[in-house]
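J.: For reference, the structure I am asking about is given below.
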Amino acid sequence: MNETLNTLETRRSIRSYRSEQVPEDVLEEILRAGMYAPTGMGMQSPVMVVVQERGMIGKLSALNAAVMGTDSDPFYGAPTVIVVLADKERGTCVEDGSLVMGNLMNAAASLGIGSCWIHRAREVFAGNEGKELMKTWGLDPEKYIGVGHCILGYAAEQGKAKPRKEGYVIRV
């Protein structure tokens with residue numbers, strides 16, 4: 001099977017991570033894949049904020065958990081979080097950011113790094129604390145919306161694929 005298609009078929013969402021950090025050279029390759037995701041009219045509306053400092057990951061985790069109404073770690077102990085935000089003035093901002101998320105996760109899988117898309121970025125960065133974080137990152141909080149948190153790290157446990165549903169493809 002083609003290597004790319006194999007990666008797409010075998011990538012799983014990882015929900016348990018080892019503490020070992022993603023090596024910088026590997027992270028750069030993953031980010032490069034995100035930078036080359038398709039975007040509406042090639043406008044590149046998303047931005048990726050890489051977070052590896054444990055205190056900031058803890059803060060993001062707590063904000064995300066608060067949206068869910070829990071105090072568990074929605075980032076599953078991952079040592080790297082890439083926050084994907086997109087310019088809300090672009091009509092394709094959510095789609096653009098979603099394609100970045102997909103490229104990040106598939107590139108990670110191809111390099112032996114686990115990943116998972118963690119939702120609630122929209123709610124986190126619409127709130128006052130999220131807006132303040134964007135300001136500290138040099139971003140205009142009135143310009144961007146949260147699309148997703150791409151967590152990365154070495155898998156402590158592998159995910160398993162669910163069987164594909166009947167009727168997934170309809171040919172006309």
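J.: Pick from LEU133, LEU104: which is over 23 Å from MET41 (Cβ atoms) and not polar (S, T, N, Q)? Steps first, answer last, please.
T.: Numbers: LEU104 fails: over 23 Å from MET41 (Cβ atoms).
When all the criteria are applied, what remains is LEU133.
J.: For region 19-70, how many residues are acidic (Asp, Glu) and free of Cβ contacts under 8 Å to residues at least 12 places away in the same chain?
T.: Let us first name the residues in region 19-70 that are acidic (Asp, Glu), namely 20, 24-25, 28-29, 53.
Filter once more, keeping what is free of Cβ contacts under 8 Å to residues at least 12 places away in the same chain: 24-25, 28, 53.
Count: 4.
J.: Give me a count of the residues in region 111-120 that are of a type in the set (Ser, Thr, Tyr) and either within 13 Å of PRO23 (Cα to Cα) or surrounded by fewer than 18 Cβ atoms within 10 Å (Cβ to Cβ) (or both).
T.: Quick first cut of region 111-120, residues of a type in the set (Ser, Thr, Tyr) only: 115.
Next cut, either within 13 Å of PRO23 (Cα to Cα) or surrounded by fewer than 18 Cβ atoms within 10 Å (Cβ to Cβ) (or both) only: none.
Residues meeting the conditions: 0.
J.: Related question: Do we have any residue at all in region 40-57 that's at pLDDT 95 or above, touching a Pro at 6+ places or on another chain (Cβ under 9 Å) and not in a loop (DSSP other than H, G, I, E, B)? Lay out the reasoning, then the answer.
T.: Within region 40-57, the subset at pLDDT 95 or above is 40-57.
Still in the running and touching a Pro at 6+ places or on another chain (Cβ under 9 Å): 52, 54, 57.
Of the ones still in play, those that are also not in a loop (DSSP other than H, G, I, E, B) are 54, 57.
Among the residues of region 40-57, at least one is at pLDDT 95 or above, touching a Pro at 6+ places or on another chain (Cβ under 9 Å) and not in a loop (DSSP other than H, G, I, E, B), which makes the answer yes.
J.: Got a number for residues in region 136-157 being surrounded by 10 or more Cβ atoms within 10 Å (Cβ to Cβ), out of contact with any Phe, Trp or Tyr (no Cβ under 7 Å at 6 or more places or on another chain) and either over 22 Å from VAL100 (Cα atoms) or among the β-branched types (Val, Ile, Thr) (or both)?
T.: Residues flagged as surrounded by 10 or more Cβ atoms within 10 Å (Cβ to Cβ), out of contact with any Phe, Trp or Tyr (no Cβ under 7 Å at 6 or more places or on another chain) and either over 22 Å from VAL100 (Cα atoms) or among the β-branched types (Val, Ile, Thr) (or both) within region 136-157 amount to 2.
Yes or no, residue by residue, for (1) surrounded by fewer than 16 Cβ atoms within 10 Å (Cβ to Cβ); (2) within 15 Å of the chain's Cα centre (by Cα); (3) more than 28 Å from GLU3 (Cβ to Cβ):
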position: ASP25; (1), (2), (3): yes, no, no
position: VAL51; (1), (2), (3): no, yes, yes
position: LEU60; (1), (2), (3): no, yes, yes
position: ALA65; (1), (2), (3): no, no, yes
position: ASP96; (1), (2), (3): no, yes, no
position: LEU99; (1), (2), (3): no, yes, no
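J.: Okay, next question. For the structure I just gave you, tell me whether ARG171 is touching a helix residue (DSSP H, G or I) at 6+ places or on another chain (Cβ under 9 Å) and among the basic types (Lys, Arg).
T.: Here the answer is no, as ARG171 does not meet what is asked.
J.: Moving to a separate point now. Being within 18 Å of the chain's Cα centre (by Cα) and among the hydrophobic types (A, V, I, L, M, F, W, C) is the filter; apply it to region 27-42 and report the residue that is surrounded by the fewest Cβ atoms within 10 Å (Cβ to Cβ).
T.: First, the residues of region 27-42 that are within 18 Å of the chain's Cα centre (by Cα): 27-39.
Narrowing the set further to residues that are among the hydrophobic types (A, V, I, L, M, F, W, C) leaves 27, 30-31, 33, 35, 37.
Numbers: LEU27: 19, ILE30: 26, LEU31: 17, ALA33: 19, MET35: 12, ALA37: 20.
Once the filter is applied, the top-ranked residue is MET35.
J.: Okay, moving on. In region 80-172, which helices (runs of 4 or more DSSP H) lie fully inside it and hold 1 or more residues that are in contact with a Cys (Cβ under 7 Å, 6 or more places away or on another chain)?
T.: Values: elements: 93-110, 121-126, 128-136.
Here the list reads 93-110.
J.: Same structure again: For region 1-23, what are the residues that are of a type in the set (D, E, K, R), more than 17 Å from the chain's Cα centre (by Cα) and either in a helix (DSSP H, G or I) or surrounded by 12 or more Cβ atoms within 10 Å (Cβ to Cβ) (or both)? Break it down into steps so the answer makes sense when it comes.
T.: Keep residues of region 1-23 that are of a type in the set (D, E, K, R), which gives 3, 9, 11-12, 15, 18, 20.
Narrowing the set further to residues that are more than 17 Å from the chain's Cα centre (by Cα) leaves 3, 9, 18, 20.
GLU3, GLU9, ARG18, listed by residue number.
J.: So, one more: If you check MET105, MET68, which single one turns out to be hydrophobic (A, V, I, L, M, F, W, C) and within 26 Å of LYS135 (Cα to Cα)? Before you say what the answer is, go through the steps one by one.
T.: On the way: MET105 fails: within 26 Å of LYS135 (Cα to Cα).
Going through MET105, MET68 in turn, just one is hydrophobic (A, V, I, L, M, F, W, C) and within 26 Å of LYS135 (Cα to Cα): MET68.
J.: In addition: State all residues of region 85-94 that are surrounded by fewer than 17 Cβ atoms within 10 Å (Cβ to Cβ) and among the acidic types (Asp, Glu); if no residue qualifies, say none. Talk me through it step by step, then tell me what you get.
T.: Pass one, region 85-94, residues surrounded by fewer than 17 Cβ atoms within 10 Å (Cβ to Cβ): 88-89, 91.
Listed by number, the list holds a single entry, GLU89.
J.: Given the residues LYS135, LYS160, LYS143, which is the only one that is touching a residue at least 40 places away in the same chain (Cβ under 8 Å) and within 26 Å of LYS59 (Cβ to Cβ)?
T.: Details: LYS135 fails: touching a residue at least 40 places away in the same chain (Cβ under 8 Å); LYS160 fails: within 26 Å of LYS59 (Cβ to Cβ).
So the residue among LYS135, LYS160, LYS143 that is touching a residue at least 40 places away in the same chain (Cβ under 8 Å) and within 26 Å of LYS59 (Cβ to Cβ) is LYS143.
The values are calculated or read from the model by the stated rules, or taken from the named source; none is laboratory data. Since we're looking at a predicted model, the values are computed, not measured. Cβ sites come from the backbone with ideal geometry, for glycine too, and all protein chains shown count toward neighbours.
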